[in-house]
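Here the structure comes first, spelled out in structure tokens, and everything after it is commentary.
The values are calculated or read from the model by the stated rules, or taken from the named source; none is laboratory data. Only a predicted model underlies this, so the values are computations on that prediction, with no experimental measurement involved. Every residue, glycine among them, receives a Cβ derived from its backbone with ideal geometry; neighbour counts consider all protein chains shown.
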């Protein structure tokens, strides 16, 4: 993108204005715009900013009013990487919005809470490449408003298998009166998002995700699994229910991914999904696509759904001996959670 036309008021203009650009009516510093962030393709810090401004409505639809963890690469992909979960203590503009969140340990932190594109530009200035918003809004940080299904191909499977399983997700959601919105992960997987009413806890929404995953695995045991332990998954697509655990996040719609191609986690229509090639969606191609077709997730906020049916399935499963599943290792032991012991190791100990 370095040799392409650049939007007025951004990028190169920063050199002539002391490194300050205007975004969403706010002044944002942009230093070292020519620093290379994606060495294999030559994309620079400015190219990253230009990309995010070009998909502004889409990235804001995914980030607005959500506490957001920033995956930062201050020196590009070849340098140090870290996750910024707390707003820095110095050099923060007075207009930056933030919100207090609780980690699984119940410790708290203030995370950035984007309300406009200036927040995105500020994050890019810090070296942010990937945006990881929580599935909650600032007004109800303990109550998810987004049910996220992460379809993760295991060895021996690929994106086509994840896309096929996503079709099963769509059919199952349709049966219970819910609408999901698919996107590529930016890698081999598929994500499906469902807006829900912010009336349930993280524990309840995670149990709903487990119940939905179990139902899919019963219907398509050849294709889907909810087995937490890798040794039990086989050549199937794993439905990662723990993405709904507190403080677990997914790269959002229109976020760049930290790989050599600079791929994008890209919203697609259900009709497109079986035929798309994830590597075709990257920093260079998605802006043109966005300008041409708009955002396939544009209607995602039109309706929020109840998860009561999924919770009823969870209760049914528990009565049938299928209770909770293991939490991620960084979580404290949760009530009703089974032992976090790999099955083969448990057998060896026995």
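From (1) closer than 19 Å to residue 55 by Cβ; (2) out of contact with any strand residue (DSSP E or B) (no Cβ under 7 Å at 6 or more places or on another chain); (3) surrounded by 19 or more Cβ atoms within 10 Å (Cβ to Cβ), pick out the condition that doesn't hold for residue 116.
If we test residue 116 against (1) closer than 19 Å to residue 55 by Cβ; (2) out of contact with any strand residue (DSSP E or B) (no Cβ under 7 Å at 6 or more places or on another chain); (3) surrounded by 19 or more Cβ atoms within 10 Å (Cβ to Cβ), just (3) comes out false.
Would you check if there is a residue in segment 270-287 being touching a helix residue (DSSP H, G or I) at 6+ places or on another chain (Cβ under 9 Å), exposed (fewer than 14 other Cβ atoms within 10 Å of the Cβ) and under 28 Å from residue 43 (Cβ atoms)?
yes
Check segment 244-265 and report whether any residue there is in a helix (DSSP H, G or I), in the same structural domain as residue 170 (by TED's automatic domain parsing) and at pLDDT 95 or above.
Applying the first criterion (in a helix (DSSP H, G or I)) to segment 244-265 yields 244.
Now drop any that are not in the same structural domain as residue 170 (by TED's automatic domain parsing), which leaves 244.
Retained after the next criterion (residues that are at pLDDT 95 or above): 244.
Among the residues of segment 244-265, at least one is in a helix (DSSP H, G or I), in the same structural domain as residue 170 (by TED's automatic domain parsing) and at pLDDT 95 or above, which makes the answer yes.
Quick one: in segment 162-177, of everything that is in contact (Cβ under 8 Å) with a residue 60 or more places away in the chain and surrounded by fewer than 22 Cβ atoms within 10 Å (Cβ to Cβ), which residue is farthest from residue 222 (Cα to Cα)?
Among residues in segment 162-177 that are in contact (Cβ under 8 Å) with a residue 60 or more places away in the chain and surrounded by fewer than 22 Cβ atoms within 10 Å (Cβ to Cβ), the one farthest from residue 222 (Cα to Cα) is 177.
Having 1 or more residues that are touching a residue at least 24 places away in the same chain (Cβ under 8 Å), touching a helix residue (DSSP H, G or I) at 6+ places or on another chain (Cβ under 6 Å) and farther than 17 Å from residue 62 by Cα is the bar; report the strands (runs of 3 or more DSSP E) wholly within segment 91-155 that clear it. Before you say what the answer is, go through the steps one by one.
Numbers: elements: 98-102, 108-112, 128-133, 146-153.
The qualifying strands (runs of 3 or more DSSP E) are 146-153.
Are there helices (runs of 4 or more DSSP H) fully within segment 1-66 with at least 2 residues that are at pLDDT below 95 and over 24 Å from residue 293 (Cβ atoms)? List them. Quick ask: steps written out before the conclusion?
Values: elements: 13-16, 45-54, 56-63.
Here the list reads 13-16.
Conditions (1) within 18 Å of the chain's Cα centre (by Cα); (2) more than 30 Å from residue 39 (Cβ to Cβ), marked per residue:
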| site | (1), (2) |
| --- | --- |
| 97 | no, yes |
| 118 | no, no |
| 124 | yes, no |
| 134 | yes, yes |
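Please determine whether any residue of segment 300-307 is at pLDDT 95 or above, over 19 Å from residue 228 (Cα atoms), in contact with a helix residue (DSSP H, G or I) (Cβ under 8 Å, 6 or more places away or on another chain) and surrounded by fewer than 14 Cβ atoms within 10 Å (Cβ to Cβ).
Restricting attention to segment 300-307, the residues satisfying the condition of being at pLDDT 95 or above are 300-307.
Okay, now just the ones that are also over 19 Å from residue 228 (Cα atoms), so 300-307.
If we keep only those that are in contact with a helix residue (DSSP H, G or I) (Cβ under 8 Å, 6 or more places away or on another chain) too, we end up with 300-301, 307.
Narrowing the set further to residues that are surrounded by fewer than 14 Cβ atoms within 10 Å (Cβ to Cβ) leaves 301.
Scanning segment 300-307 turns up at least one residue that is at pLDDT 95 or above, over 19 Å from residue 228 (Cα atoms), in contact with a helix residue (DSSP H, G or I) (Cβ under 8 Å, 6 or more places away or on another chain) and surrounded by fewer than 14 Cβ atoms within 10 Å (Cβ to Cβ).
For segment 73-90, name all the residues that are outside any loop (DSSP other than H, G, I, E, B) and either without any contact (Cβ under 8 Å) to a residue 40 or more places away in the chain or surrounded by 18 or more Cβ atoms within 10 Å (Cβ to Cβ) (or both). Lay out the reasoning, then the answer.
Start the filter on segment 73-90 by keeping residues that are outside any loop (DSSP other than H, G, I, E, B), which leaves 82-84.
Hits for segment 73-90 are 82, 84.
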